[in-house]
Amino acid sequence: MILNIDKSQKVHITVGLASALVAVLLPFVVFSENDSVQAVKHFGYWGMLSLLMFFLWFLLYEIPSVYSLVKIVCKEWLPIVVSVLCSLYFMAHHKFEYRILFDEYVISNISLSMSARNKAASSSYEPRANAVVEPIVSKVDKRPVFFPFALSVVHDILGYSPYNVFLLNSILTFVLFLLLYRFVSSVSGKIWGLFSQLSVAGLPLVAMSSTSAGYEIMNLCWILVVCYFGVKYLFSDGTRYLDLFLVSVLILANCRYESILYSVVPVGVFLYKGLRDRSVAITPFASLSPLFLLFPLLSNRVFYSSEDHFQTTKDSFFGLDYFLKNFEGAFRFLFDISGIYSGSIFVSVFALLACLLLGFGVYSMIFRENRDRVGLGLLFFLVMFGAVVLANTCMALSMFWGDWRDPTTSRFSLPLHLLLVLLLPWSWSIVTNSKRPPWWIPALPMLYIVAWASCVSGREMIRPRFLGSYTYNKVFDEVLVDWNNDDTFVMTSATLGAALFGFYSESLVNSEQINRQLVNRQIGTGIYSRVLFSRLDSSSPFGGQTIDAFMGGEDGFENSKECSGFIIMDPVYRKKYMFDQEFRIGVIKGLKMPVPSADTVQVPEASDRAAE
């Protein structure tokens, strides 16, 4: 087979390969770990802004006139209404709150820094002279930065609020349902589009993610955008939709750690289309697009730059033993019929039926020569997309913290759930080459929502599954709000939540000597009316151990690892939450003897620790 490649296309392909090589060599060969950290910190904001501008620019060329848009809205009013109702259904069943701690605090804190200083770093702050507030500590996180960037844009438009993230996720939830309908209806027809919308609405896990402060919904949205423009490009002439396809993949790669795996999808689609059409066409943007993979690769280098980013160690973070154990948990989660998990037995069962239907379709194509251009193209794209999702899933299950039955890790299954939802409509189109399924198909997920999913969502809402986040949200909403931000300083082992709500704060570390100096520095300034030390205990009334979920120790409030008995405190707040949670806050009055010796570890000046 001879491919038609002219001279200009050969130049573009050469530039593309060179760009990909540069994107790999810079973070892993040329840059040191500190260089990678500084690159993400200072250029992450501008890189995400560039990607967003490219996406909007390319999208502008594909948007019809305003009149055409109005006609589309009037014609497609039903899926729009369904999207609104499904979004409101989620909000009715789950309250908006920070759930996954401290991940969501970190993400929102980065967005605050991006909005205020255009720096992709989480920070704790303290006042300086002339009412200037500066970061005490500024730390680059391991997570990709597109979601914090998007949230910072919301801050720029509406003004900063720690609750803006819920507005963003509410909008994204509505967009998710619209994108789901748009993609599925373009492949399989309108009836399957409504079926997919209602199937996702019956998944409590999506509802919980849509009302939290995480980036899971945005990740799903960009997966659907990639699928939509990928299929559009596959069945279009030349390079139409190629730039939109690529920039969507690049944004997706900057949403979650493992989403960079989706960058192999356009490579496979490009090769398939070139071989099918016997010609290769590539745009100037496509030849330079691999350079934008620098940002997720740099974030990966940041991830591996410090042991602090691993709850275990680098060597024991992933393992085959974890996969074998977590696979069993994932199976139980997906096919649970007791309603104790946030999955959907409806989606899982219909996905199995879709696999059987797809197997029959593949058999027909191979042995009966029942092949058509559209069916083969859809099958190839499904295989590419499905392979990446399965690789994503295997990676999640191979992690030490990968049991989906844990409510804080079940969110890792969302890309797989999206694939399962898409399988039946996709398989139907591949096998039947028809967009006219039975009209009553959307009634099935609707019945499931009424009969089962609503009960599970209600149970998830009232069950104390996220004890730590529940308590912290209560404290920030009910306690700290009564104290003046300007004369209150918070000291604890994790202060990002306090910083989000406008309190000056500093994190304690796992060293008594350093902590003595940190505490002494703040109580010695004389500018605060109160320096607070907070503590979360979890003790079971049913005979369980008393543990310190906040500090990681099992000692009493005044004798935790970070205090070691040297802090003099005046308890000012103590309250129980949900059986076995107690949050205590004390005002730090001073330090007990003995005074730290001369060989005490010296703490660098705040200006040095927050050095840009």
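The values are calculated or read from the model by the stated rules, or taken from the named source; none is laboratory data. Bear in mind the structure is a predicted one, so any value in this text is a computation, not a measurement. Positions of Cβ are generated from backbone atoms using ideal geometry, with glycine treated the same way; all protein chains shown enter the neighbour counts. Surface areas here come from the heavy atoms of the whole protein model, side chains and all, with no ligands, DNA or RNA. Shrake-Rupley method; radii C 1.70, N 1.55, O 1.52, S 1.80 Å.
See the values below:
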{"quantity": "Qualifying residue in segment 205-220 (condition: part of a helix (DSSP H, G or I), closer than 28 Å to N473 by Cβ and out of contact with any Ser or Thr (no Cβ under 9 Å at 6 or more places or on another chain))", "calculated": "yes"}
{"quantity": "Breaking point among (1) more than 20 Å from E62 (Cβ to Cβ); (2) open to solvent by 20 Å² or more (accessible area, probe 1.4 Å), for G238", "calculated": "(1)"}
{"quantity": "Among residues of segment 396-441, those that are assigned to a loop (DSSP other than H, G, I, E, B) and among the β-branched types (V, I, T), counted", "calculated": "3"}
{"quantity": "The lone exception for Y160 - which of (1) more than 29 Å from K75 (Cα to Cα); (2) open to solvent by 10 Å² or more (accessible area, probe 1.4 Å); (3) touching a Lys or Arg at 6+ places or on another chain (Cβ under 7 Å); (4) modelled with pLDDT under 95 it fails", "calculated": "(3)"}
{"quantity": "Given (1) surrounded by fewer than 21 Cβ atoms within 10 Å (Cβ to Cβ); (2) at pLDDT 80 or above, index of the condition P541 fails", "calculated": "(2)"}
{"quantity": "Which numbered condition R373 misses (of (1) closer than 21 Å to Y272 by Cα; (2) of a type in the set (D, E, K, R); (3) crowded, with 17+ Cβ neighbours inside 10 Å)", "calculated": "(3)"}
{"quantity": "Every residue from segment 423-466 that is surrounded by fewer than 17 Cβ atoms within 10 Å (Cβ to Cβ), among the hydrophobic types (A, V, I, L, M, F, W, C) and modelled with pLDDT under 70", "calculated": "M461, I462"}
{"quantity": "Segment 241-250, residues that are of a type outside the set (A, V, I, L, M) and open to solvent by less than 20 Å² (accessible area, probe 1.4 Å)", "calculated": "F245, S248"}
{"quantity": "Neighbours by Cβ (under 6 Å, 6+ apart or cross-chain): first from segment 83-106, under 13 Å from S457 (Cα atoms); second among the β-branched types (V, I, T) and buried (at least 18 other Cβ atoms within 10 Å of the Cβ)", "calculated": "H94/T211"}
{"quantity": "Residue satisfying all of: in segment 474-494; modelled with pLDDT of 70 or more and assigned to a loop (DSSP other than H, G, I, E, B); surrounded by the most Cβ atoms within 10 Å (Cβ to Cβ) among these", "calculated": "W483"}
{"quantity": "For G47: the one exception among (1) exposed (fewer than 15 other Cβ atoms within 10 Å of the Cβ); (2) closer than 22 Å to F229 by Cβ; (3) not polar (S, T, N, Q)", "calculated": "(1)"}
{"quantity": "Residues located in segment 216-241, provided they are modelled with pLDDT under 95 and farther than 19 Å from L379 by Cβ", "calculated": "D237, G238, T239, R240, Y241"}
{"quantity": "Residues of segment 178-192 that turn out to be farther than 12 Å from L78 by Cα, buried (at least 20 other Cβ atoms within 10 Å of the Cβ) and not polar (S, T, N, Q), as a count", "calculated": "6"}
{"quantity": "Residues of segment 289-304 satisfying the condition of being more than 16 Å from L21 (Cα to Cα), open to solvent by less than 40 Å² (accessible area, probe 1.4 Å) and of a type outside the set (V, I, T)", "calculated": "S299, F303"}
{"quantity": "Qualifying positions in segment 50-77 - part of a helix (DSSP H, G or I), among the aliphatic types (A, V, I, L, M) and open to solvent by 60 Å² or more (accessible area, probe 1.4 Å)", "calculated": "M53, L56, L60, V66, L69, V70, I72, V73"}
{"quantity": "Exclusive hit being open to solvent by 30 Å² or more (accessible area, probe 1.4 Å) and either touching an Asp or Glu at 6+ places or on another chain (Cβ under 8 Å) or closer than 30 Å to L508 by Cα (or both), set S115, S123, S111", "calculated": "S115"}
{"quantity": "N109, sole failed condition from (1) of a type outside the set (G, A, S); (2) in a helix (DSSP H, G or I); (3) farther than 21 Å from I251 by Cα; (4) touching a residue at least 24 places away in the same chain (Cβ under 8 Å)", "calculated": "(3)"}
{"quantity": "Single residue of G386, G329, G339 found to be modelled with pLDDT under 85, of a type outside the set (K, R), surrounded by 15 or more Cβ atoms within 10 Å (Cβ to Cβ) and within 30 Å of V456 (Cβ to Cβ)", "calculated": "G339"}
{"quantity": "Any hit, segment 253-265, residues being open to solvent by 20 Å² or more (accessible area, probe 1.4 Å) and closer than 16 Å to Y233 by Cβ", "calculated": "yes"}
{"quantity": "Matching option when the condition is modelled with pLDDT of 90 or more and either touching a Cys at 6+ places or on another chain (Cβ under 8 Å) or under 30 Å from R143 (Cα atoms) (or both), among L85, L52", "calculated": "L52"}
{"quantity": "Long-range neighbours under 9 Å by Cβ, at least six apart or interchain, first residue closer than 19 Å to F235 by Cα within segment 184-195, second open to solvent by less than 10 Å² (accessible area, probe 1.4 Å) and of a type in the set (F, W, Y)", "calculated": "V184/W192; V184/F195; V184/W426; S185/W192; V187/W426; S188/F195; S188/W426"}
{"quantity": "Tally, over segment 142-154, of residues that are touching a residue at least 60 places away in the same chain (Cβ under 8 Å) and buried (at least 23 other Cβ atoms within 10 Å of the Cβ)", "calculated": "7"}
{"quantity": "In segment 503-521, the residues that are modelled with pLDDT of 75 or more, open to solvent by less than 40 Å² (accessible area, probe 1.4 Å) and within 19 Å of Y105 (Cβ to Cβ)", "calculated": "F503, Y504, S505, E506"}
{"quantity": "Enumeration of residues in segment 343-367 that are surrounded by 19 or more Cβ atoms within 10 Å (Cβ to Cβ) and out of contact with any Ser or Thr (no Cβ under 9 Å at 6 or more places or on another chain)", "calculated": "I345, A351"}
{"quantity": "Out of E258, E307, sole residue that is under 23 Å from A23 (Cβ atoms) and of a type in the set (D, E)", "calculated": "E258"}
